[in-house]
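What follows is a single structure, written as structure tokens, with notes after it.
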Amino acid sequence: MKGLLPLFLGIFGTFAFSWTGLIFIPNLQIGHLDPQTEEDGTDAYPSPRSGMAERGRQIYAANGCNYCHTQQVRADYAGSDLDRKWGIRRSAPRDYIFDRPVLLGKMRMGPDLANVGHRVPVTDQNAPAPSATTSTTTGAPVAGASPAPAPAASASPTVSPAPAAQTASAPPASAQNPTPSPSPSAPNEVVTAINGVPIPYTEAWHHRHLYSPRSITEDSDMPAFRFLYEKRQIAGQVAADALNFDESSTDAPPSGWEIVPTYEAKCLVAYLMSLDQSHSLKEVKTAAAPASPPAPGKQVK
Amino acid sequence: METVTTTGSAASRLTQQPQGGTEQVTPGEIENVERALIDASTRVPVLMFYTSAIFWLLVGTLLAAFASFKLHSPDMFSGISVLTFGRVRAAHMGMMVYGWASMAGMGTAIWLMARLCRTTLRHPLVLVTGAAFWNLGVLLGVGGILAGQSTGYEWFEFPTYAGAVLFVAYLLVMSWAVLMFRFRRGDTIYITQWYLLAAFLWFPWLFAATHVMLFVVPVQGVMQAVVNWWFANNLMFLWLGAIGLGTAYYMIPKVIGRPVYSYNLAAIGFWTYALFASWTGMQRLIDGPFPAWMITASIAAAILSIIPVATVGLNHHMTMRGYFPLMRYSPTLRFTVFGAISYSAFSIVGIIISLRSMAQIVHFTQMSVAYSHLGLYAFFTMVMFGSMYYIVPRLVGREWRYATLIKLHFWSSAYGVGLMVLMLLVGGFVQGLSMNDASLSFTESTQSVLPYLRGRSVSGILLTVSHFIFAYHFVLMLFGLGRTASVPTFLNPIEPEDVHP
């Protein structure tokens, strides 16, 4: 080959071609999406996350959670994501328009988390029913989208100020139900919970799981994130957000001590609880009922 | 005089021996002196790149071994934030890609450029400064990741300030390399120079474009993932891959002392490589929330990349035909041919795992780790080892001290990476099968891959041993403790009948 110019042009050309085809054109297609709304402008989805949840995303990224957890549900023709109830529909570009960094992930050494703020625990038969035994944690406000503000400081496990909109008498844990999805699906959650269906992952569950994954799922190979928790001497009363352990648990701190989540841990959990793609999207077929806004989450495979 | 005698190619001396040492006439001697001068001018910067690269290789290997153990023993050190799996893994990747692979690649590329442009290296201080800043960038980046400042984009985890330092360092190196190209002597541009020039130009465009699209004018939502994988893939192919292939195109003909089989084949291989390899990458996002056409285009490009693989492979094979026995003797040839063959394996695995029917099973499994290690280690790293075995003696004026150490290095690297890839390929497949069976609980899929991950840890030990052996040998060379023979260190004693095929 002779001559520098053809070589240079070719090198530049192939690069520009690749950029145009794989970046520029897709960006025209999916790079400028708006939230979906009803015709009257209500029921916007998705919406930006709260400050704590956004901070939680940074912590999620900083600790490399995305190396083992994906945040994308594949369609029914690929994999078993829907069968595993990791979502009620496949993920779409619009689900991520406020995400930065976007943390889709490419490895599943842990389950998919696209809907972890909405999902119910399915695989922990040997779990010590953490949401019932642990006390309520506080402090982490749920996603900004939540129409029903989480009870801010329901420290006692017996107190259950059910969100105002919900008339059914909720079991204690449903008070912590993040219900980050907009109102239409919220009543559903409460009803299914009453019918004995397990309630979604709670803040207490997440904290317990982050602190000691194998105390919840025996076979888990998730590293424990103990550095996000603080062990301290109990000053007077047990803190409202202290982790609650069974007496037999080897994770329990010595008496007189308690384990409390740091602010970072609370942010991380707020982020996890904000992950929810259960809202229907016009461009995606929801598995059972064709998209209508109050798509009943729980009945769908 | 010492350096002069060590500059000839191993094989030319090999082939000369049985003929009773044909007398070199004057033009040959002039050429030798010229080469020696060029080699001497690259000495300081290239050795600096190599030394840094090997340092990062050692630290990165230790981190990898740690991360590998952490996967099946997750409770190790769980109270220390710096040592959590996600940070160690990202730090390992950053060190290997930017610390080891890029620095080794730049070292080799600089030396090759000087040789092929037949020009001595002017102002080596610019390159030394570049290397120093590059090291600083890697250090800042890895420190940032371990301190919890990862950006969350794979292969681009370094915090933005570290990326900026890397970029400045890179501009120093590149501006110099392109300048050298400007002052080259001779009309023809050898194949290796196409690849190197392309790599030197692609990298800054790629790096800058990605930086702008992720941090300066960030693209929306899932487009970040598109940019991310476009970057990661092109960094593998257009930067490291191009350097690796260019190096192989130099080393194989040089060591065996024959010209490349076909220039036309090489040209076809180069341009189809540039065209198709740069379009792959989106298959890593297969079945995700993206336009299907985009992913299909990448799958098609991956399949079409069989053309460059076949042409490059054929070209090397035809060049080597009849000379394969030389792999018994020349460390460079052995490592380089291993790398060149791995490049084919890497591409073929890449095609297989991107087919939709296959991706359904192996997407989101350890298979992708196997794939990256095939490319980054079995192909690129082995080619770099080969080039170091060739170049370092020409820089320090000594020959490698122990043939045994080279053999140990080769076999533990080859078996190490072979075992790792095998474990992860099979493990990934098993993991995918059990993940897709919704009647099994999810943890069964991770449990099913754990035995393979333990096997991978064993391979990690092998690779660690191999790298420490190599580093020790390299340090001996650096301190002038190599052999002062005029004949390169061969892996085995020469048996003349092997030399004349």
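Distance from the alpha carbon centroid of the range B:396-468 to that of the range B:302-353 works out to 21 angstrom.
Note that the range B:337-407 shows a convex hull volume over its alpha carbon atoms of 88 Å³ per residue.
Convex hull of alpha carbon positions in the range B:363-501: directionally averaged projected area 10.6 nm². Relative protection proxy for A:270-282, B:47-59, from highest mean packing down: A:270-282, B:47-59 (other beta-carbon atoms within 10 angstrom).
Note on B:443-450: average number of Cβ atoms from other chains within 10 Å of each residue's Cβ is 4.
Temperature 20 °C, viscosity 1.002 mPa s: under these conditions the Stokes-Einstein estimate for the range B:288-415, based on its Kirkwood radius over C-alpha pairs, is 129 µm² per second. The aspartates and glutamates within cross-link reach of A:K266, meaning a Cα-to-Cα straight distance under 15 Å and a gap of 8 or more places when in the same chain, are A:E54, A:E203, A:E230, A:D241.
Are any of the pairs A:K85/B:K70; B:K254/B:K407; B:K70/B:K407; A:K106/B:K70; A:K85/A:K282 more than 25 Å apart by Cα-Cα distance, and if so, which? Among A:K85/B:K70; B:K254/B:K407; B:K70/B:K407; A:K106/B:K70; A:K85/A:K282, the Cα-Cα distance tops 25 Å for A:K85/B:K70; B:K70/B:K407.
Return, ordered by residue number, the residues of the range A:78-106 whose backbone nitrogen is under 11 Å from a label point located 7 Å along Cα→Cβ of B:A438. Hits in the range A:78-106 for B:A438 at 11 Å: A:78-89.
If you fit an axis through the alpha-carbon atoms of helix B:191-211 and take the longest principal axis of the Cα set of chain B, what angle between them do you get, 0 to 90°, nearest 10? The helix B:191-211 is inclined about 30 degrees to chain B. Across peptide B:225-232, the average count of Cβ atoms from other chains found within 10 Å of a residue's Cβ is 5. In chain B, a dipole from Cβ-located charges (positive for Lys and Arg, negative for Asp and Glu) runs towards its positive end, and of B:G94, B:S305, B:W230 it is B:G94 whose Cα lies farthest in that direction.
Here, each number is a calculation from the coordinates, and none is a lab measurement. Keep in mind that this is a model prediction, so the values were computed, not measured. FYI the Cβ positions are ideal-geometry reconstructions off the backbone, even for glycines, and counts take in every protein chain you see.
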